[in-house]
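What follows is a set of notes on a single structure, which appears directly below.
The values are calculated or read from the model by the stated rules, or taken from the named source; none is laboratory data. Just so we're clear, the structure is a prediction, and the values are computed from it rather than from any experiment. We place every Cβ from the backbone using ideal geometry, glycine too, and count neighbours over all the protein chains shown. Accessible surface is based on the protein model in full, side chains and every heavy atom, while ligands, DNA and RNA are left aside. Shrake-Rupley method; radii C 1.70, N 1.55, O 1.52, S 1.80 Å.
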Amino acid sequence: MRALIQRVKKASVEVENQTISIIKKGLVLFIGIENRDNDYDISWICSKVSQLRIFDDKNKVMNKSLNEINGDILVISQFTLHALTKKGNRPSYIKAAKSEFAKKIYDQLLTEMAQKINKKPFAGVFGADMLVKIENDGPVTIFMDSKNKE
């Protein structure tokens, strides 16, 4: 499972010109699911993201987590995080999970994230063409891979 995390001042997602979700201070979590993902990957990503100390404390040091600032999270499924670009100029998405499996994992991730942050996460619409608007704060953008924990 791959995750691209962006610290935001605000963010929203639209589907078919209708706003689906809006958050203020918090995180946008783009999540890429592959066929090998399981409960362990979900748990690892949710724990790391919810506890990641990337928000400023009173001394302007990134020392606080999403939970500590009572921030929101917007979770967007994004299969393109599994793009393979080694050959040619057209990315391959062969590693990305098929829709039915990915939706199941995505829904499980939303449920577990709710438990980790003690509130319901905001979300896009799985599989939809979405317009995601982000006001990146910092900017702070972090990439994680549950199969390659660097």
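Could you give the length gained by full extension between Gln51 and Lys24, i.e. 0.36 nm per residue of separation minus their alpha carbon distance, to one decimal place? Present the calculation step by step, with values, prior to reporting the outcome.
Values: separation 27, 0.36 × 27 = 9.72 nm, distance 1.83 nm.
Here the segment from Gln51 to Lys24 would lengthen by 7.9 nm.
Rounded to the nearest 0.05, what FRET efficiency is calculated for Ser43 and Asn148 with R0 set to 22 Å and r the Cβ-Cβ distance? Intermediate values should be presented prior to the final figure.
On the way: r = 17 Å, r/R0 = 0.76.
For R0 = 22 Å, the calculated efficiency reads 0.85.
Ranked by solvent-accessible area (1.4 Å probe, protein heavy atoms only, all chains present), the residues Glu34, Glu112 order from largest to smallest as Glu112, Glu34.
Computed over the chain with a Gaussian network model linking Cα atoms closer than 10 Å, the most mobile of Phe126, Phe79, Phe30 is Phe126. Once the Cβ-Cβ distance between Glu68 and Lys10 is put in as r, and R0 is 22 Å, what FRET efficiency do you end up with, to the nearest 0.05? Efficiency for this residue pair is about 0.70. Accessible surface ranking for Arg53, Arg2, Arg90, 1.4 angstrom probe, highest first: Arg90, Arg53, Arg2.
Counting only Cβ charges, +1 for Lys and Arg and -1 for Asp and Glu, the dipole size of the chain around its Cα centre is about 340 debye.
Relative to the current alpha-carbon distance between Ala83 and Lys103, full extension at 0.36 nm per residue lengthens the span by 5.4 nm.
Indicate the gyration tensor shape class of the range 41-137 (rounded, prolate or oblate), computed on the Cα atoms with a ≥ b ≥ c the square roots of the eigenvalues: a/c under 1.5 is rounded; otherwise a/b larger than b/c is prolate and the rest oblate. Mind dumping the intermediate values first?
On the way: a/c = 2.13, a/b = 1.58, b/c = 1.35.
Note, shape of the range 41-137 comes out prolate.
Give me the percent relative contact order of the chain, please, defined on Cα pairs under 8 angstrom at least 6 residues apart. Let's see the in-between values first.
Values: 309 pairs, mean separation 55.7, N = 150.
In percent, rounded to a whole number, it is 37.
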